[in-house]
Every structure is written in structure tokens, then in C-alpha cells.
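Read the structure below first, then the notes.
The values are calculated or read from the model by the stated rules, or taken from the named source; none is laboratory data. Note that the coordinates shown come from a computational prediction; the quantities given were computed from them, not determined experimentally. Cβ: placed from backbone, ideal geometry, glycine included. Neighbour counts: every protein chain shown. Ligands, DNA and RNA are stripped out before the accessible areas are found, and what is left, the full protein with its side chains, is counted by its heavy atoms. Shrake-Rupley method; radii C 1.70, N 1.55, O 1.52, S 1.80 Å.
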4 protein chains.
Amino acid sequence: MQFASDNAGPAHPSVMDALLRANDSYALGYGNDTETETAVAAVREVFEAPEAEVFFVTTGTAANSIALSCLAQPWQTVFCSEMAHIHLDECGAPEFFTGGSKLTLVDAPGGCIDPGTLERAMATTGASGVHGVQPGPISLTQATECGTVYGLDHLRALCDVAHSHGQAVHMDGARIANALVQLGCSAADMSWRAGVDAVSFGATKNGCLGAEAVVIFDPDRARDFEFRRKRGGHLLSKHRYLAAQMMAYLQDDLWLRLAAQANEAAANLERALAQVPEFELAHPREANMLFAHAPRWLHRDLIAAGAVYAIWEGDLQGDDPDEPLLARLVCDWNASPENTAQFMALVRNVTSKRAEVRV
Amino acid sequence: MQFASDNAGPAHPSVMDALLRANDSYALGYGNDTETETAVAAVREVFEAPEAEVFFVTTGTAANSIALSCLAQPWQTVFCSEMAHIHLDECGAPEFFTGGSKLTLVDAPGGCIDPGTLERAMATTGASGVHGVQPGPISLTQATECGTVYGLDHLRALCDVAHSHGQAVHMDGARIANALVQLGCSAADMSWRAGVDAVSFGATKNGCLGAEAVVIFDPDRARDFEFRRKRGGHLLSKHRYLAAQMMAYLQDDLWLRLAAQANEAAANLERALAQVPEFELAHPREANMLFAHAPRWLHRDLIAAGAVYAIWEGDLQGDDPDEPLLARLVCDWNASPENTAQFMALVRNVTSKRAEVRV
Amino acid sequence: MQFASDNAGPAHPSVMDALLRANDSYALGYGNDTETETAVAAVREVFEAPEAEVFFVTTGTAANSIALSCLAQPWQTVFCSEMAHIHLDECGAPEFFTGGSKLTLVDAPGGCIDPGTLERAMATTGASGVHGVQPGPISLTQATECGTVYGLDHLRALCDVAHSHGQAVHMDGARIANALVQLGCSAADMSWRAGVDAVSFGATKNGCLGAEAVVIFDPDRARDFEFRRKRGGHLLSKHRYLAAQMMAYLQDDLWLRLAAQANEAAANLERALAQVPEFELAHPREANMLFAHAPRWLHRDLIAAGAVYAIWEGDLQGDDPDEPLLARLVCDWNASPENTAQFMALVRNVTSKRAEVRV
Amino acid sequence: MQFASDNAGPAHPSVMDALLRANDSYALGYGNDTETETAVAAVREVFEAPEAEVFFVTTGTAANSIALSCLAQPWQTVFCSEMAHIHLDECGAPEFFTGGSKLTLVDAPGGCIDPGTLERAMATTGASGVHGVQPGPISLTQATECGTVYGLDHLRALCDVAHSHGQAVHMDGARIANALVQLGCSAADMSWRAGVDAVSFGATKNGCLGAEAVVIFDPDRARDFEFRRKRGGHLLSKHRYLAAQMMAYLQDDLWLRLAAQANEAAANLERALAQVPEFELAHPREANMLFAHAPRWLHRDLIAAGAVYAIWEGDLQGDDPDEPLLARLVCDWNASPENTAQFMALVRNVTSKRAEVRV
């Protein structure tokens, strides 16, 4: 009953095999190897972007922060959702890598920034001239931290707002594959064709051990990246092991198949939970995560019985047993029907016992 | 004929096996897993330091820079050798992570800082009060960038100098295993018992894919580390794969056996090269690296014939065929006698041909 | 008709005289002069804090940012009002000096942070451990950016919240004299006795050319200040001219008399504007600033006729003549009754003309 | 007997008068005043550079550091003399403002960087690609920290080296007026016509209270300056007082006359000291500073008798009375013939007494 996070699951066997294959000989370090060359080409092909600059790092925080440091000046502010991973979950890494940029938090119902809200935020920033920070890039997360997915029109509208202010667009794609599968479009459609300038292309959560690509479509914007990466301690010496993961991940659309598995598992879970009156879904499922409210007593009993997931808002230790707490349940590529079935059996068991007690 | 770097070779099969074993189930992310707990305990045991704080990262640059940022204030200067990796090969990472500390370069013949020189450097730093930067920690590399190894008395003398100025000592141990094998002492003897306060314990070069531990003996000095690591993008989500590497590496003294193999290969190479008049060794071999001068024509012929190693000083493309250029030859754990034999055969072949031509 | 800002007016003649007197001889630079010693003692006496560390700088932004950098770690967040000068008007200086701390904006009706709101903000920050930034100091402005003044109980309550989270309290006292005069209490009561740990003691707006003191009550917290100041380029070489300003400013309570004049001028203006139906005061006057809404046509006519003040919210160039725009009117120490009388005559003239036209 | 520093002396009466005149009315803050406009125009005229961007700050450290931060990327290194003020006397301010650039210290006999040495330093920097920091701007001091002055050909040669590497040239002109007077050329000749890209135009040491201008000849390079200045806390609110100093300073060539007075005083002192066998001049006097060796006993007696100057190298408290210590003697604009005469009388008195004792 594993729903804690898509980074709690294993890496895909094909990725492990690729590591073993990469381990059979000598290769120059720091990316000067053939595996890296091939992996860069594979990412470019996925994005139909032969000119794009592609860099590999091991964490999403590194990908996001170094990418943003190429797009934002220290005296600018990055516009992002108030729920953005870059704001809540990176311990100030964007501020560190940019040399002290601000983050301007934009109201984002369901995790999605509204273009009108963004326009108002950008228009009123920097109006006092040198006294305040200036508008900088926007960063949006696809799929969002709420498990929702921006449609292509929505993406285009946000990119238009950013570009009309002369600013670039960064996409935090920690779960980009899950979003692509949901939209059924191409990576190019969901990125540069919609106006996105740089993507953190996450692979760790969806089947790798630790591998992320930063894709910057305009090489001019990428000029500093390799210095910032090295200086950030993120240029791996035995770089081929990063590249090998990425190659296996992209080979034969493995990444899309894995994301489809994860999304489907989440859809099944959503359907099942919709039958349980104690659960109330907070957002429609659009990727591989569910957010649902349930009373404290239910969470306590489920977790005590071995279900693993995160209480997102509220305190499990509180007093009122009936207070609804928001939970996050994540299905990774490896989520099995049995995992869900076991969980739902537990849910039914716990809720029916409670009903008996109350009667 | 692979002597380019100890990060050009493969990882050890036991390390790969450990990765596969770690991949069989779900585990909490970000170090909250049992593999991490076990690996931390293993590092503490190696150092006989049950109270030490231990953190894993993927690169030596990250290890060094985050460690130094815990020891140096932005208005201090870090004392290091003029050949230090932190100065020459990290693109300013220490400056970045410390918030702009300086590095004071200390003359270091053979890669080893002399205690008297260090004392003079520290004593004259900060004497003008608030106008100049203040003395900060020292960072020494063991084994050094010249392939030499500090003796224990030498280490103690340097630590005494630093401590007498109220400053801490960082050891860049990218090749710490090679140094330990050479000295035949314990890790504790070569670190905290000699006065070292923090160690970058390198494992990548000696058989891992990408795994380094930072060991800080006084927990008070380590308080900020986890925030600095996260903020630097260096806290891996699927942290168990880092831990698994380290566990396999330390298991049954694998790490010391691998270092002994590398050192022995280098010793063999040294003995063989000593027979070749064209080669002149720059430093005595004390770890797994050789630095040797040879004329340009010889380097050209060897490299053209497939020998892989680095020209450390001088330009292979220069005019004078007889000008001596400094080469670095590194033997990794996987260096085979055949590798050396093949190289030496080539050396003999090339030099004898040249002799014929000249005659 | 000057109401633009209290930094638009002249310095007080006594301050100018002090500059001239300080100019008559040689003195060591960088604060090693007797004027500085005397001025530091004078500030300590004002605060009844003989142990406090006192530093002079030329701008409020420098005072605030360097003070905060002594109180906040880079991975912490500074809690402040959403209207705080440190957030809106310093172009990211706090982020720069702290090495990339965040600012957490707390809702602050009338410019005053509510202790309950602060408690909720501090309690929910950092709860996710290393993933998010950690709670840091709070910074409150006295008098606030809205021209209101925290009462002593209110201050104590805020300080208690901060201290209960182990964090320090910074007071941005750009208009501290105006607040003191309003409360009628001592500087000690309004600072360390209430729990404030560091004060930016502003003198520039209230009669100096450019002089601010940072007062840190616990010397342990001030250890880094002089390095941070020097490194920020804020240690003046001819330091005596800073000290001379501060000495003249504090001599014979000049500073309190000047603040009283400014406050009284604002009170008179408030009384007069209260008679004008077109003006609606946004906050009660408690210091030397008024915020008032008036229709766009009225602002346009007044400004066209030579009144100098800032439109704080809204755009003077908009279409609807009747839309209310928020203006800020500031009275400095030099504000004369004639200045107000002239302005009020203009207001009456403009509004009565408009009334005629409408009739 | 004042020779401590040119920042130990008073400001010129004309500068004080200008402050008083600027104090008679209201003016918009932050440089939006007419005095600032006029002062900017005056600086442009001095440099015959109508397109140059000109910014005022209060300290030389701020001028140098903000200027360098506009010219250097964080992963670059600034080439400067090993005696450079930016290295020795600014507590790491350039590192702070640039976001962690390095400083590469170039051997500089007599304070002057040799073009050949610079070329070698720049050519060998960054050769290892992303591993090392990259070449950045050069910063040279005119007049140098040794009191010497670069000739125009020398300047041009240094600028050519920097430009040939695609890098800019910064001139630390803390004593630029003294150098100009010595060379007898125009400010344009000594700056942009020789290839200098940015100048810290010092006025504090030569008669102001605290006023420096940064002049950047290519406006493209100056785009970020105002944000960096504000963010550094260096945009003065009552900016007119900075501008007023600069206007008075430049009016009717006051600045050049003051520098000529200072240089002449130093020349007189040099001539007088040349007659004293105990003094040995370290560098030829070319500006307003002398560096001279004299035995410890002599320094002790002179300083005990009230002479004020700095021991530049060595420790006055040492044992050997005859050990030569290097002293720095600075003449400011206000240095009077009486000051020198009194000092020389003391020197004669002390040395003749010593001679008697020895006999």
C-alpha cells in the first residue's frame, strides 16, 4: 500500500541494465563520453529541437535552480504558484543559485496559474523603478503540484504573458511524462511550441535512479549553464552513468509507457475512492497523484494498518477525530493493481468497522 | 593503455550489485531509508567516530564546497595549496557555496603545504582588521594533487597551525583510500586524531559510480550542513542508491583493497618508467598517480598510438619536439598488469624507433 | 506645498553646523576618531543600553539589510509585512546581504502585523524539515509604512511570538523618532524592553543628510556586523562626518523636537483634510504621514497647480475622473504651517471651482 | 605632522559651502534632483564622454565593487595587482558584489602590472574549460597603491591585453586626480582613449566628505548598475548632497588644483627625506604618497613625538632597533609646508640625538 511518493519506488529494470552496460570499459569523464552524446541527441529528438542545449543533473532541485539562474537576474523576481516546488520544497535553492532573486507567489487554484492573475502580478512589479525588484521569468509546474495538468491553450496564454513582458518561461517537469500522457500531445507541443523556453525534464520520479535533463531551446540562454552547473557541484565526473539512465529511459518510449502506467493506477484509485463517502477528492485526477480529504480517524486507522501516504494539510495528531485532513496519494510507474486493491480492501474494512461501532 | 583519470574507469561489480539489491522495493526518499542509516553507521565505524555527522553527495566538488561553507565565513579566506582542486578544478564552487570567501594560495612543493609557510600566511592575514578578509579554515588534499601523501606528523603540524589560529581543518579526500593504504594507518589516525575537523571522503574515483561522504567530527560544526546540501540541490530523492554504493564500497574493506590495487599498479608503472631515460619523474609515487616529464615527441607518439593520459603542463602542439612536457598518469582500482605491460611495450617500441632514426 | 517625502526636505542647520565643526582638523579614518566614539556613546545613552553595539551607515537600506544579515541564515525566511520597505523598496537588498534568505509576507492591516497572524506564519514555516526554508527573524517597521504606530503591548506581543520560535526581532526605524513622539515613551521602552533585538535607527528622514545607526543590543549578535558592513562598501573612510551628524541630531533632544514638529504638521493637515469631503483618510494619522483617497480629478488639479506628493495606489493617467486614488502626504521636520495653509487654500479653491462647474 | 592617509584630512571649504547651498530647499530624492543632473553632466565633461553613464556612491569600495560586478561573471576571475586595494583592503567586497568571482593576483613590481605578466596570466586561465574559472576583467589602480603612476603607453598595453581576451578594464581611481596631475594629460586620455572601460573616480581622498563617481563609458555595460547600487544599499535618498560635493569638486578645476597641492607636498617631502641617510625610498614618488624604509628606532621616536603615519610592513614592536620597516607617508590636498617642515625638524632632531648617543 505504497502511495508516499513517486520517488519511493524502484528504478525500472531497463535503467539498471543500462547502468550495467555502461560499466564495462573506460570513458572520459565530465560528459566527454559517447553515452552522453547519444543521450543528448535522444533528448533533442524527444523535443524535436536539434538546436536545444541539454544538460544532465541528478536532482530536480538542481535542474530547476540552475535553469532559473540562467533566466533571472538577482534583482528580478520569479513568478510561480504559491504551491510551487521551487518555493515550498527546495529550501531556497532558487534564491541561492540566482544570487538572491525573489519569488513572487501567484494565486493558483488547483495548482494552475491563471494568465490574468499572472498579467496583473507582472504588470505591477517593478513599477517603482529601481526601488523594487523587476519582473523576471515565470516558472510553472507540469503536471502541477496538485496533480492537475495545464492544457496547451492555458500554457500558451501564460507564455504569452511572460513574453509580452520580455521574460522567459521555465517549466518544472518533475512529472512531465505524466502530463504528456494525459494531454496526448508531443513534448514539442507542450514546450517550445507553446512558448516554453527551458524545461526541467524529470526522469527520477518515473523510473530512473537520479537523472534530470535541463533543456534550453535557445542556445544563447544556455551559455552560462555549464559554468553554473560545475560551480554548483553538479557536473558528475563519471557522467556516463547519468547519460545511460536517460538513454534507457527514452528508448522505445519507455518513459511514456511508465507514465501511462502510473496515470492509470491513479485513475483506478480515483474511481475506487469515489465510491467511499469518507473521501472527498480535492482536485480532479489528471496525472498520477490524488489529493483527497478524509476524516482524521480514517487516516489514523489506514496509516496504522500499513498504508503509506502523506498527510498534506493538517496534523494527524489533532484532537477532533472527524476533522477532514488533506492527503496526497501518489502512484508511481510500478504501482500494481494489487497495491490499490489491498488499500481499498483496507479502506472498506476500516470504514465498515467504524459504521458498526457508530450503530 | 588507460591512465587518464581514476574517474574514467568502471565502478566495481560489488557496487553495481548493491544498486540492484537496493532496487527491489519501496523506501522513503531523501535519506529517510534504512540503507542510509546503515551506510552512515558504516562510515562512522571506518572513522571510529560514533558521534560524527555523515552526509552523502554525488560529487567531490559538492562535498568540498558544502563542507567548507560550514567552516568558513564569507569574509574569511580558506588556506589551500596553489595546486588545490578546490582552487583549480571546481570553477569557483567554494566561493559560491561560502558566499564569497577568498582562497589564499599557499606555496606547496610537491603538493604538500609546509606548516611554516602556512603559519606565516595565517599570521599575516587579517592583520589590518576589518579592511582585509580574516583567516578561515585550511583545506588540504590527501593524497595530494601531485600524487604525494602527507605523513601523520606533517598532518598534525598543519592542524596545529590551523587550530592555533582558531580555525578548522578540511581534508579533501578524493583519493583518501590511496593515502591510507600508503601510510598503513587507520582512517581515524589520518583524520580526527591528527586534528582534521571535516573530511570529504571520496569513493567515486575508487570504485563507485558517484558517491562521496562528508564526515564532520564535531556535530556542532555540522548543524547547517543539511540545509546547505538541500539548498545546493544535493539531497538526492532516491537517496538509497547513494547509500547502497557506500555500503558496498566499505563492506569487507573493499575500498582499501581497491586502493591497494591502484597504488600497486602505479608503483609498477613507476618502476617500469624509471628504466626509460626519456621519462623523468617529477614527484615520488606515493598513491596511484605519477607525474613525469618526457619530450614532446614521445608524448605525441604514445598518444597517437592510443595511450590515454593527460598532458598536465605544456602544449602538445608546440614546436620543439624535445621540450619536456609534464604528464599525469593515473592508475585506477581496475588497472591491470596488462594495461601497464601494453603501455610499456609501446614506450619501448617508440623510444627504440626514435633511437634508430637518430643513429 | 511639499509633501513628497521626508527625504525631500533639507537637513537641520544644527546638523550642517556640526559638519563644519568636524571639518577643522585631521582625524583617523574608518571610525577610529573621537567623534565616532562620542556619537556611539550618545546612541547608547538614548537607548539606555551601555552594552549595545552601534554602527553608522548612510542609508536605511544598508542599515536594514546588514542588520538582517546578522540575524538570518540564508536558508531562513524573514517575516515582515506585505507593505514592508524591506520587501517593496529595497530592490532585494535583504536577499543580497543575507545570501538569499526569503521574505515571508504577513498580512498587515494598516501596516501592523497581527501577533496571531505572525504566530500562524511562523508555526507553519519549516514544518517539512529540510525541504523548506526555516523560520528566521521578524522585521517590523515603526512607525509603519502606513503611517501608523505599534503600541508597546502590540510590540511586546510580536516579540514574544518571535522569541518563542527562537528568533530575533528587527525594527526598521526609518521613522522611529516620529513613533516615539507619538507614544511618548522612551527609546528603551520601545525597543529592548519590549523585546526588540536590533534597530535601524533612522536619522536621514528627520533632519540629517544621510546617517543611520544600527543598534544591536546583544553584542554576540553583532560580532559579524563590522565585516559585513565593510564588505558591503558601507564603512565610510571619513567616518567623522557620519558621527558628527548623529551627534548634532541627538544633542539636546533635537531629534525628538524635529519629529514632534513633523507629527504636529501632519496632525494639522489631517484636521484640515477631514473638513474636505473629497478626501477620505485611509488610516488614522499616528506619525508624520497621511494616506488619503481622493478622486482622480482632484489629484490632477492639485498636482498641476504645484502640490508635490505621491500617488500611492492607482494611476493618475486613468480615464475615470471620479475614481478614488490613494495619495501619501508626508510632513517633514521642516514642514511649515504656511506649507499646509497654502495647500489647503489650493484644495478649497480647486474643489469649489469643481462644485461651481457641476452646478 | 599628519601623513596617515588622505582620508584623514578635512574636506575643502568649497565642498562644505556647496553642501550648505544644497540645503536650502526641497528636492526629489534618489537622484531625481537637478543637482544630480548637473553633477553627472560635469563628470561627463571632465571625461569628454557625453554618452558615459555616471553614478555616485559614498565609498571607493562600493564604487570598485559595483563596477566590477557589472564587468565580471561569478565564474570569472578579476586580474589585479597583488597589492590591489580591491584585494587587500575591501574585506572581500568584490567577491560579495560579483557573487563569488575570484581575484587572480598578478605580480606587480612598484604597484604596476606588467603587460607581459598579465598576458601570461590571462592566457593560462580557463584553459581547462569548465573546470576552472574563466578570465574576467582586469582592475588596475591609478595612481597605484605604491604611489606610482602608470604611463599612457603602459595603460594602453594593459588594456590591449584585456581586450584581446574579450575582457574589460576597470580603473580604481581613488587617487586619479593625483595621477592626472602627474601625467599632465586629460582624463579622457588616461581612461577611454587608452582603453579603460570603467573608472572609479575618487573624490573623497582629495577634498570631499564622501563622494565617488563610477563612470562607465559604454552604456550597455552599465545597464545593471542602478539595480546593483540600490540592492547594495548605496543609492542615497538625499542624493543631492552627494551631487553637490561632486559639483564643487569639479568646479573651476578645483580637483586638479588640490591634487597638484598634494603631489607637490609629497615631492617636497621626498626631496627632504632624500637628505636623511636613515630613510631609503622604496619607490619613486609619482603621486602624493611616499614609501620609505627606516630603522625601527627612528620610527618609534618619530611616532612617539607625534608624527602620524602608517608602518606599512613590519612590526613597530619588534626587537631589533635597526631593522628597517617600511613606512607610508601620504600628503593630502591640505598638507602645508609647515607640516612637512615640522616633521623634518623632528627627523633631524631625532637622528642627530641618536648620532650623539652612538658617538
Among beta bridges assigned by DSSP with both residues in the protein assembly as shown, the antiparallel ones amount in percent, to the nearest 5, to 55
Could you work out how far the C-alpha centroid of segment A:197-262 sits from that of segment D:172-225, in angstrom?
-> 47
When all protein chains stay in place, what accessible area (Å², nearest 10, 1.4 Å probe) is found for D:His283?
-> 40
Return the single residue from B:Val196, B:Val161, B:Val214 with maximal mean-square fluctuation; model: Gaussian network over chain B, springs between Cα atoms under 10 Å.
-> B:Val161
With a sphere of radius 14 Å drawn around the Cβ of A:Phe225, what net charge do the other residues whose Cβ falls strictly inside it have (Lys, Arg +1; Asp, Glu -1)?
-> -1
Report, for D:Asp315, each distance to the same residue's label point in the other copies, shortest first and in nm; define the point 7 Å along Cα→Cβ.
-> 4.6, 5.8, 6.8
³J(HN,Hα) across segment B:246-253 via Karplus (A = 6.51, B = -1.76, C = 1.60, θ = phi - 60°), whole Hz, x for Gly/Pro?
-> 5, 4, 5, 5, 8, 4, 6, 6
Antiparallel bridges, percent of DSSP beta bridges restricted to segment B:160-280 (to nearest 5) | 55
Charge context of D:Ser14, other residues only, Cβ under 12 angstrom, K/R +1, D/E -1 = -1
Where q = 0.14 Å⁻¹, what log10 of I(q)/I(0) comes from the Debye formula for chain A, counting one point per Cα?
-> -1.14
Name the chain C residue with the Cβ nearest the axis that maps C onto D: which is it, and what is the distance in angstrom?
-> C:Thr58, 3
Please turn the phi angles of segment C:90-98 into ³J(HN,Hα) values with the Karplus equation 6.51 cos²θ - 1.76 cosθ + 1.60 (θ = phi - 60°), one per residue in order, whole Hz, x for glycine and proline.
-> 10, 6, x, 4, x, 4, 5, 6, 7
Computed helical MRE - 222 nm, chain A, DSSP H runs ≥ 4 contributing -39500 (n - 2.57), nearest 500 = -12500 deg cm²/dmol
Enumerate the amide H contacts of D:Thr141 below 5 Å, restricted to partners 5 or more residues apart or on another chain; note that Pro and chain-start residues carry no placed amide H.
-> D:Asp172
Could you calculate the FRET efficiency of A:Leu152 with A:Ala41 from 1/(1 + (r/R0)^6), where r is the beta carbon distance between them and R0 is 22 Å, rounded to 0.05?
-> 0.25
Cβ-Cβ FRET estimate between B:Asp189 and B:Leu326, R0 fixed at 41 Å, reported to 0.05 | 0.80
Quick one: what does P(r) look like for the protein assembly as shown with 10 Å bins over all Cα pairs, in whole %?
-> 1, 8, 15, 19, 20, 16, 12, 6, 2, 1, 0, 0
Picking from C:Glu212, C:Glu338, C:Glu82, which is most flexible by a Gaussian network model of chain C using Cα springs under 10 Å?
-> C:Glu338
Pull up all non-local amide H partners of B:Ala108: gap of 5 or more, or a different chain, and H-to-H distance under 5 Å with H placed in the peptide plane.
-> B:Glu82
Between A:Ala310 and C:Leu281, the FRET efficiency computed from the C-beta separation at R0 = 41 Å comes out, to the nearest 0.05, as 0.25
Which lysines have a Cα less than 17 Å from the Cα of A:Lys238, not counting those fewer than 8 places away in the same chain?
-> A:Lys230, B:Lys205
Total charge of the residues flanking C:Leu88 in space, meaning their Cβ is under 10 Å from its Cβ, with Lys and Arg +1 and Asp and Glu -1, is -4
Estimated vicinal HN-Hα couplings, Hz - segment D:281-286 in sequence order (Karplus 6.51, -1.76, 1.60; Gly, Pro = x) = 6, 8, 9, x, 6, 10
In chain D the DSSP beta bridges are antiparallel at a rate, in percent to nearest 5, of 55
Quick one: putting +1 on the C-beta of Lys and Arg, -1 on the C-beta of Asp and Glu, what dipole do you get for chain A around its Cα centre, in Debye to the nearest 20?
-> 420
Which translational diffusion coefficient, to the nearest whole µm²/s, is obtained for segment A:269-359 from the Stokes-Einstein equation, given a Kirkwood hydrodynamic radius over C-alpha pairs, 20 °C and 1.002 mPa s?
-> 159
Relative contact order of segment B:1-149, defined on C-alpha pairs under 8 angstrom at six or more residues apart (%) = 20
Relative contact order computed over chain A (Cα-Cα under 8 Å; 6+ residues apart), in percent | 23
Hey, can you grab everything whose amide H is under 5 Å from the amide H of A:Cys91? Only 5+ residues off in sequence or another chain; H modelled, so Pro and N-termini drop out.
-> C:Gly132, C:Val133
